1. Return the single residue from I59, I114, I41 with maximal mean-square fluctuation; model: Gaussian network over the chain, springs between Cα atoms under 10 Å.
2. Can you give the FRET efficiency for R145 and R80, using 1/(1 + (r/R0)^6), R0 = 25 Å, r = Cβ-Cβ distance, to the nearest 0.05?
3. Mean Kyte-Doolittle of at least 0.0 plus a Cα span of 15 Å or more along the axis: flag which DSSP H helices in the chain meet both, please.
4. Would you list W61, W163 from fewest to most Cβ contacts within 10 Å?
5. Between V257 and A185, what length in nm is gained on full extension when 0.36 nm per residue of separation is reduced by their alpha carbon distance?
6. Starting from 0.36 nm per residue, how many nanometres of slack lie between A109 and L310 once their C-alpha separation is accounted for?
7. So for T169, T97, fewest C-beta neighbours within 10 Å to most, what's the order?
8. Just to confirm the filter: which trypsin sites (Lys or Arg not before Pro) across segment 103-146 are DSSP coil and have at most 13 other Cβ within 10 angstrom of their Cβ?
Amino acid sequence: MLALVLAVVVVQTLDPAGGLPLLSSGRVAGQLWLLAQGAQIQLPAGPLRIAPLLLTLGIAWGLSAAGRSVVALRELATPRSVGAALAVLVGVHTVATAGLAALVSGSAAAIGLIRPAVGALVLALLAGGLGMLRESGLRSAVLDRFPGPGRALARAVLAGTLWLAASCTAVVAVALVADIDRVAALATGLGGASAGAAGQVALSLLLLPNATAAVVGLAAGPGFLVGAGTLVSAGGVTLSSVPALPLLAALPDTQAVPLLAFVSQALPVLAGLATGTSLGRRLGEHDGGVVTAALWGIVAGVAVGAVSGLGVLVAGGRLGDAALAEVGAPALATGLAVAAQAGIAAAVAAAVSRWRARS
């Protein structure tokens, strides 16, 4: 949080007009912090609800590191002691987030307490819990409780999800590089010279994972929306006015479907192949043969689709009540499409990988 406040202050000091005072900069940083954990800010133009996921990932990393540190310093190794420490971590983070929401809320930017409190609770429970399980050595015991090859399945789902995220991020990067002149124009087009450029670039970086999730929707088939008038999918492109953000320079320049959109449709299948290959290589001697590997490959591929749909759901949001009331890809349709494509590909890859490993 202090690092975020410092970043906002630095950007404001670059503004030749003087920028925001220190207290207002701290309020902006607090609002970004709350948005990253699911808060909704009620502005005069309508509700603002979109999580800058790069900041969300940073908060999750901090919570995981905190959990690992507590386990290491206190030498916790039993489920009871780890659970008690996790309860304290979740409680402190939730109360602190709710207190911050009450502190930065105002008449011009009202923030409810329920959404950020629930978001903070879920984030602390997941990130802190995973960190504590890893440091205490209880993660293996938890995975062994699941039926079938729990460890191999979890690692395969992680491999497929990360592969899909990395490849979709690469699509965003290629689209930005292809229109680098427009990126530069948008970065410097809003006032404040270096302050405006720094703020625009920083906000684009915070929203980069959101763009990755939107490309997942494009790759899966349903496409994604940037407001009511802008739809990008492999079936067609509809363009309308969008915010002047450098990240949005990755959008197509014309109504024609770009070649990159067609190429990206192979990404869920490739993610399924990565998932199945990882699963087939990690199955143990007593985990069955080729047919069993194929069945577990379907399960792993469907899990990749479920994780993708959840990521798309978290990445979406709204930017007011008017034309930008809906931003992002449809979560359910994206998750189902990725699950179907990745599941079939993972079944084939797991069967082939298992056959090669046993032979």
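Values quoted throughout were computed directly from the atomic coordinates according to the rules given, and no laboratory measurement underlies them. Because the structure is predicted, anything quoted here is derived from the model rather than measured. As a convention, Cβ positions derive from the backbone with ideal geometry for all residues, glycine included, and neighbour counts pool all protein chains shown.
1. Between I59, I114, I41, it is I114 that shows the largest mean-square fluctuation.
2. Values: r = 16 Å, r/R0 = 0.66.
Using R0 = 25 Å, I get an efficiency of 0.90.
3. On the way: long enough: 2-13 (16 Å, 2.65); 22-35 (20 Å, 0.98); 53-74 (31 Å, 1.34); 79-104 (37 Å, 1.55); 114-136 (32 Å, 1.23); 150-178 (42 Å, 1.64); 194-206 (18 Å, 1.30); 208-220 (18 Å, 1.45); 267-282 (23 Å, 0.56); 290-315 (37 Å, 2.15); 331-358 (38 Å, 1.00).
Counting only whole DSSP H runs, the qualifying helices are 2-13, 22-35, 53-74, 79-104, 114-136, 150-178, 194-206, 208-220, 267-282, 290-315, 331-358.
4. Sorted ascending by nearby Cβ count, the order is W61, W163.
5. Details: separation 72, 0.36 × 72 = 25.92 nm, distance 2.34 nm.
Extending this stretch completely gives an extra 23.6 nm.
6. Details: separation 201, 0.36 × 201 = 72.36 nm, distance 2.78 nm.
Working it through step by step, the gained length comes to 69.6 nm.
7. Values: T169 15, T97 27.
Going from least to most buried by this count: T169, T97.
8. Details: sites: R134, R139, R145; in loops: R145.
Filter output for segment 103-146: R145.
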